[in-house]
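The values are calculated or read from the model by the stated rules, or taken from the named source; none is laboratory data. Just so it is clear, the model here is predicted, and its values are computed rather than measured. A quick note on method: Cβ atoms are made from the backbone with ideal geometry, for glycine too, and the neighbour counts reach across all protein chains shown.
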């Protein structure tokens with residue numbers, strides 16, 4: 001059978017190899033125009049081939065072509081269109097293809113922006129694409145199976161959310177973007193031109209900061225909205241895997257600004273450009289090699305590409321170290337001027353050191369399973385490790401952000417700085433009062449809160465002043481304002497959230513955290529391959545009244561296990577969010593206590609009103625060819641007569657794994673309106689249970705046991721500061737985006753940074 005996807009992948013690999021070889025041969029002072037054009041055309045062909053491969057994979061997914069193993073594993077016929085699209089990158093092979101195609105598209109922009117440095121920059125850039133293509137050939141999304149299933153496994157229910165449809169593409173766009181500053185830096189070291197690379201590479205570094213940062217923030221928002229654990233960051237190793245290169249990249253952006261303005265940190269910026277890119281590969285190795293499989297809810301299993309990932313990383317480490325060693329002695333010194341400890345330059349350097357230290361300690365914690373596996377039994381560090389190590393670094397970073405942006409370049413004095421600090425002090429005092437009024441959180445969190453308030457106060461006024469002059473020069477102030485607000489939100493949501501677990505019985509008013517809550521009758525709905533239990537809660541506090549509807553989704557897997565996911569209800573507020581997450585549902589015993597429930601043994605006849613009902617046999621329909629468990633039905637053959645008349649054979653059915661519904665009920669004979677619904681089957685005891693609806697249902701009783709209503713255990717939480725936190729992250733990204741525009745070639749730059 002032909003495999004157009006695999007053929008296209010091989011053509012793409014061939015094209016990127018040809019492009020790389022031609023770019024390498026075209027290097028030198030007298031560039032060979034023919035080779036350069038051949039390299040460029042080959043890269044365009046590579047881009048076309050991987051784009052076609054992506055379109056083919058999407059076509060196979062949308063058309064449910066389950067002959068492809070990847071399509072069968074990550075999609076299904078019942079998925080909505082949006083989630084069919086997102087199943088493209090649900091697995092390793094698809095996400096690598098996404099990374100390649102995004103990198104190829106960025107490469108087209110890079111070709112036409114790199115000028116006479118194109119051969120060297122694109123050769124380095126192509127090495128990343130080359131290795132990714134090798135991984136895709138080794139583990140292809142176009143592998144075929146000899147016996148395709150009738151339906152696929154579908155997409156993990158947790159990933160069926162609009163935010164997860166855009167989170168991976170943005171993260172991989174950030175990963176691809178981090179390759180560009182690295183390519184510029186290596187080209188500069190190769191060419192011994194140590195300053196010229198900064199200006200064209202800086203907008204790409206800011207772009208990588210924005211895109212990967214956006215991916216991280218969207219992932220945090222998804223966790224808060226979907227997972228039901230009430231958090232937005234859990235220091236999961238896979239969460240940290242995207243954080244590490246972002247921290248290093250943030251330090252790189254500050255270093256590049258300093259080099260562009262003051263010709264400092266030439267060696268440091270090369271090291272940071274290499275470090276941030278190599279961290280992308282290292283973190284890919286951690287999450288894709290199976291090393292973290294027992295320690296992360298997000299980690300992928302090993303698909304046999306671990307060796308290639310290690311080789312991938314080793315090649316770039318070797319290139320970086322070799323160039324650094326051979327060129328370090330030739331890199332010009334920063335200049336004869338002594339660096340003042342009270343200057344913007346020193347503040348930037350100190351901030352870079354703090355960001356790198358945070359990256360280092362977080363990286364050590366994330367790598368703990370790998371490190372301990374070599375030494376003894378693999379284990380991971382606790383979340384407290386990350387908090388305890390990063391808290392003092394965050395305090396120092398906020399301390400710098402409280403005054404350094406107000407300082408001009410060069411030597412400064414306290415006497416000149418003090419008149420610029422009133423809004424810094426106002427923000428600090430407000431944060432101190434509000435924090436202590438809310439309750440003493442401990443000295444570390446108190447200091448963090450006060451400094452976050454100081455950063456917010458100063459940068460709010462600073463950003464407004466700059467925006468009045470020109471929006472584009474306010475980018476740094478907007479980013480720093482966002483950082484201040486984000487930490488205000490982190491302190492509020494983590495130190496002052498209140499939570500209470502309460503059992504609510506159906507129809508009985510309860511209370512939690514000052515809210516009156518009544519659990520009304522639950523509703524069931526079929527969703528994909530599973531069942532969703534909707535839990536309506538009527539909530540009242542003062543004049544505010546609304547209905548919350550968290551839910552519990554249950555799905556039976558092909559191996560017979562039941563997966564269960566909770567989905568919270570979030571009532572967003574300006575000051576705080578009301579967060580309600582179901583913990584457990586108890587159906588009670590009301591079904592057994594209802595007078596219209598008939599339990600009949602095989603061959604037995606029971607009387608109900610004017611009807612005689614006899615259970616004759618079980619009905620097990622032919623289930624061959626039905627891959628969906630919830631399409632399968634079981635039934636019973638019964639005979640019913642009205643007032644001793646001619647018996648009629650009835651066959652009510654019940655869908656496997658679902659609650660009884662009206663679709664399987666049958667009408668009893670006779671002039672009166674009466675129905676039977678099959679409630680359950682017990683093959684071992686040879687009994688069935690039927691729900692009778694009709695005359696006499698309310699008066700006839702067969703059970704004397706006490707009825708217990710439905711009940712639900714829910715965790716009700718009040719989370720202050722969440723709106724402030726999300727506003728802060730938005731301003732960080734918005735300010736960064738303004739910075740990309742400001743630094744883009746051709747845009748008039750300001751001396752402000």
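One table, with the values for the structure above:
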{"quantity": "Tally, over segment 387-421, of residues that are without any contact (Cβ under 8 Å) to a residue 12 or more places away in the chain and farther than 30 Å from residue 362 by Cβ", "calculated": "4"}
{"quantity": "Single match in 235, 190, 229 (criterion: over 30 Å from residue 162 (Cα atoms) and in the same structural domain as residue 318 (by TED's automatic domain parsing))", "calculated": "190"}
{"quantity": "Test: residue in segment 469-480 that is closer than 30 Å to residue 742 by Cβ, over 34 Å from the mean Cα position of the chain (by Cα), touching a residue at least 60 places away in the same chain (Cβ under 8 Å) and not assigned by TED's automatic domain parsing to the domain that holds residue 253", "calculated": "yes"}
{"quantity": "Residue match in segment 475-494 (condition: at pLDDT 90 or above, surrounded by fewer than 20 Cβ atoms within 10 Å (Cβ to Cβ) and within 25 Å of residue 572 (Cα to Cα))", "calculated": "yes"}
{"quantity": "Any hit, segment 163-170, residues being buried (at least 22 other Cβ atoms within 10 Å of the Cβ) and not in a helix (DSSP H, G or I)", "calculated": "no"}
{"quantity": "Yes/no for residue 309 being at pLDDT below 95, crowded, with 18+ Cβ neighbours inside 10 Å and within 32 Å of the chain's Cα centre (by Cα)", "calculated": "yes"}
{"quantity": "Test result for residue 492, over 28 Å from residue 741 (Cβ atoms), assigned to a helix (DSSP H, G or I), in contact with a helix residue (DSSP H, G or I) (Cβ under 9 Å, 6 or more places away or on another chain) and free of Cβ contacts under 8 Å to residues at least 60 places away in the same chain", "calculated": "no"}
{"quantity": "Residue in segment 66-78 that is out of contact with any strand residue (DSSP E or B) (no Cβ under 7 Å at 6 or more places or on another chain), without any contact (Cβ under 8 Å) to a residue 12 or more places away in the chain and outside the structural domain of residue 526 (by TED's automatic domain parsing) present", "calculated": "no"}
{"quantity": "Criterion (surrounded by fewer than 18 Cβ atoms within 10 Å (Cβ to Cβ) and under 19 Å from residue 725 (Cβ atoms)) met by exactly one of 438, 449", "calculated": "438"}
{"quantity": "Residue match in segment 123-139 (condition: outside any helix (DSSP H, G or I) and within 22 Å of residue 59 (Cβ to Cβ))", "calculated": "yes"}
{"quantity": "Helices (runs of 4 or more DSSP H) (entirely within segment 360-456) containing at least 2 residues that are modelled with pLDDT of 85 or more and out of contact with any helix residue (DSSP H, G or I) (no Cβ under 8 Å at 6 or more places or on another chain)", "calculated": "383-401, 422-438"}
{"quantity": "All positions within segment 28-64 that are more than 30 Å from residue 115 (Cα to Cα), touching a residue at least 24 places away in the same chain (Cβ under 8 Å) and part of a loop (DSSP other than H, G, I, E, B)", "calculated": "64"}
{"quantity": "Segment 14-27, residues that are touching a residue at least 60 places away in the same chain (Cβ under 8 Å), assigned to a helix (DSSP H, G or I) and crowded, with 23+ Cβ neighbours inside 10 Å", "calculated": "16, 19, 23"}
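Rundown of residues vs (1) modelled with pLDDT under 85; (2) over 29 Å from the mean Cα position of the chain (by Cα); (3) surrounded by 13 or more Cβ atoms within 10 Å (Cβ to Cβ); (4) within 26 Å of residue 283 (Cβ to Cβ), yes/no style:
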residue: 322; (1), (2), (3), (4): no, yes, no, yes
residue: 326; (1), (2), (3), (4): no, yes, no, no
residue: 329; (1), (2), (3), (4): yes, yes, no, no
residue: 338; (1), (2), (3), (4): yes, yes, no, no
residue: 344; (1), (2), (3), (4): no, yes, yes, no
residue: 352; (1), (2), (3), (4): no, no, yes, yes
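Quick grid of which residues meet (1) at pLDDT 90 or above; (2) part of a helix (DSSP H, G or I):
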position: 680; (1), (2): no, no
position: 705; (1), (2): no, no
position: 714; (1), (2): yes, no
position: 723; (1), (2): yes, yes
position: 731; (1), (2): yes, yes
position: 747; (1), (2): no, no
